[in-house]
Every structure is written in C-alpha cells, then in structure tokens.
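Just so you know, all these numbers are worked out from the coordinates, no wet-lab data involved. Please read all numbers here as calculations on a predicted model, not as lab measurements. Cβ placement follows ideal geometry from the backbone for every residue including glycine, while neighbour counts extend to all protein chains displayed.
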Amino acid sequence: MTNKPAFMQLKCFIVLLSVSFIFNGCQEKFNGKNEQDFKTSREKIEKNLSQSEKINLEKALRVIALEAMKLKWEAPEKYDNKSFNKISLEMIDGLSFSSVITLAEDILKTQNKKEIEKLTNEIDHLTLQKNEIANTKKTLNLFRISETKLNKTSFFDEMVPELEVSYQYIGKNKLIGPKTIQFEIRKKSNNEVLKSEIIVNGNSESILENGEVITEYIILGQTKETNPKLWNVQKYPVDNPNLSDYDLVLNVTVLALTPNGKKIEMPKISIEQINNEIKNNQTKLEELKSVKGTLDELELTEQ
C-alpha cells in the first residue's frame with residue numbers, strides 16, 4: 001500500500017529542489033579570469049540588481065579586496081607573484097551575487113570573532129599583569145613614613161622650604177642590599193607633580209634592621225610663586241605637618257629591593273594605567289559583541 005501523505009511530501013520536496021536548482025543555475029556568475037572579464041560579468045549582474053543591492057555589492061568587493069591584502073601580508077610565500085587584485089578575482093571567480101555577499105559577510109564575521117578573541121586575551125593578560133603588580137607592591141611594602149618635618153634650608157644663597165621625610169623599615173628580617181625609593185610631592189589642588197626624586201640608599205653590603213630609618217630631604221624651592229603659604233610659615237621647623245594645609249601630597253614608593261638576595265622591582269606601568277587599558281578594551285569588546293557582521297553595518301565611502 002502506498003503511503004500517500006509521505007509520497008506527496010517527497011513530491012513537493014523534489015519540485016521545490018528543482019525550482020531551487022533552476023533559480024541558482026540561472027544566476028549570473030562573476031568571471032574572475034582577468035580584469036576585463038570581471039568587469040563584463042559585473043555589468044551583466046548589476047543589470048538585475050536594485051540600487052541597494054549594487055551598494056552592498058560594492059561593499060562586499062571592498063571587504064574581499066581587504067581580505068586579499070591580509071592573506072598576502074600573512075602568507076607572502078603562498079601568494080608569491082600574485083597581486084592583491086589577482087587574489088580578489090580568484091576568490092570571487094564563479095560566484096553569484098548572493099554568494100559574493102555571503103562570502104564578504106563570512107569574512108566580516110570571522111574578523112569580528114578574531115578581534116573578540118584578541119581583546120578577551122588582552123584583557124586576561126592585563127588582569128594577570130595587574131595582579132602581579134599588586135603582589136610585587138605587597139612584597140615591597142616594608143616601609144612606613146614615621147615622621148615628617150618642614151624646615152628652611154639655604155639653597156643658592158636663599159632660604160627655601162624643605163620637607164624632611166623619615167622612612168622606617170618595618171620588615172622582620174634584615175634587609176641586605178641597595179634600596180631604590182621614590183619620593184614625590186604633588187600639589188593637592190590640581191595633582192601637579194612639584195618634585196620627584198628617586199634615591200638609591202646603600203650598596204650590595206648595606207644592612208637595614210627592623211625599625212631603622214632612611215631620611216630624605218626634599219627641597220621645595222620651586223613653590224614660591226604657587227604656594228606662598230608654605231613660604232610664609234612663621235616658625236620652623238614644623239613637626240609632622242598636615243601637608244594638605246599647604247596644598248601638598250606626599251607619595252613614597254619603594255621601587256626596588258633585594259630581599260633574600262633576589263632583586264624585586266616595581267614595573268614601569270602602574271595599576272591605574274592597566275585599569276584604564278582594561279576599561280578601554282572592555283568598551284571595545286562590548287561594541288564588537290554588538291556587531292552582527294553584515295554589510296548593512298558598513299558605510300560606503302568614496303574610494
């Protein structure tokens with residue numbers, strides 16, 4: 001007995017498939033054998049396209065041309081003696097209008113996926129780098145500011161303000177070797193760096209015991225015009241002054257130590273800089289994730 005419903009479904013499927021083959025077979029194809037053949041085939045294809053389809057075709061061809069450049073750049077030996085134009089023509093040879101559109105959008109989707117992977121890996125790397133800096137900073141955090149003092153000292157025959165900073169070692173073990181420390185004075189109101197000094201205290205045989213102090217004297221002669229209050233202090237010295245009263249901020253950072261005979265250094269880049277990079281990359285990543293990889297998302301500009 002014949003299963004009529006199943007037979008009718010199969011018959012309809014064959015008819016639809018035949019129509020599809022006829023439709024696809026009738027579509028004009030691009031001829032990429034040479035520049036003139038391509039031009040001729042394009043003219044034939046564009047006769048049956050709407051204005052928006054012509055625009056999308058131009059976008060697609062530009063995408064494919066850029067992909068050809070990329071392929072040659074990444075694998076010059078494979079495409080030796082082939083121009084960008086030749087590679088592009090080979091990519092579209094024998095393809096219909098719809099197939100060229102599909103090819104271009106597949107290229108866009110692949111590029112977008114690679115960019116997403118690249119940015120994701122970069123964010124992961126930056127996060128790892130940030131954690132390493134935090135761990136290094138923690139390892140080097142073996143000092144504290146124990147005392148500050150505002151003095152006046154003679155500098156080129158002029159009495160100028162000077163900040164005396166006592167930096168105390170709080171580590172449990174003896175600290176052997178040179179200590180590289182940065183002393184930085186900023187203007188609180190605008191974060192301007194007024195003075196930045198990097199000192200190297202001691203040598204390879206120097207020993208610092210728990211509780212011992214490194215003292216640094218920072219001359220503030222350049223603040224005369226911008227910070228008259230600092231210059232008009234009536235009585236010196238001023239012990240442990242509230243620096244914010246003088247529009248000042250003191251930052252002291254250990255840049256390098258040699259605990260247990262192994263040198264540990266702070267990286268040149270800061271956690272704040274890395275956070276900014278991560279934020280920028282996350283913004284770019286969200287933008288990329290919203291891209292669908294279609295030609296409609298591209299804007300056609302003048303060549």
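Values as computed for the structure displayed
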item: Amide hydrogen neighbours beyond the local backbone of Phe30, cut-off 5 Å, H modeled; result: Gly94, Leu95, Ser96
item: Net dipole in debye of the stretch 142-257 [+1 Lys, Arg Cβ; -1 Asp, Glu Cβ; about Cα centre; nearest 20]; result: 280
item: In order through the stretch 268-279: 3J(HN,Hα) via Karplus (6.51 cos²θ - 1.76 cosθ + 1.60), integer Hz, x for Gly, Pro; result: 5, 7, 9, 4, 4, 5, 5, 4, 5, 5, 4, 4
item: Pairwise FRET efficiency - Thr110 versus Ile170, Cβ, R0 = 51 Å, nearest 0.05; result: 0.40
item: Crossing angle, helix 35-46 versus the chain [Cα axis fit, 0-90 degrees, rounded to tens]; result: 80
item: Between the stretch 127-147 and the stretch 148-171, the alpha-carbon center distance in angstrom; result: 25
item: Cα-based shape type of the chain, given that a ≥ b ≥ c are square roots of the gyration tensor eigenvalues and the cut on a/c is 1.5; result: prolate
item: Per-residue Cβ neighbour rank within 10 angstrom, fewest leading, Asp80, Asp37; result: Asp80, Asp37
item: GNM result for the chain, Cα springs below 10 Å: residue of Glu287, Glu74, Glu58 fluctuating most strongly; result: Glu74
item: Neighbour net charge for Ile218 - beta-carbon separation under 10 angstrom, K R +1, D E -1; result: -4
item: Selection from Ile64, Asn190, Ser99 lying farthest towards where the dipole of the chain points positive, charges on Cβ; result: Ser99
item: Net charge dipole size for the chain [Lys, Arg +1 and Asp, Glu -1 on Cβ; Debye, nearest 20]; result: 940
item: Spacing of the two label points (7 Å from each Cα toward its C-beta) at Asp93 and Thr120, in nm; result: 3.7
item: Relative exposure of Phe155, Phe30, judged by other C-beta atoms within 10 Å (fewest first); result: Phe155, Phe30
item: Counting all C-alpha pairs of the stretch 171-243, share separated by more than 14 Å (%); result: 72
item: Relative contact order, percent, the chain [alpha-carbon distance under 8 Å, six or more residues apart]; result: 19
item: Cβ-based exposure ranking for Glu46, Glu225, in which fewest neighbours within 10 Å come first; result: Glu225, Glu46
item: Net lengthening on full extension, Ile145/Lys292 (0.36 nm per residue, minus Cα-Cα); result: 47.4 nm
item: Amide H partners (placed H, <5 Å) of Leu220, local residues excluded; result: Glu162, Leu163
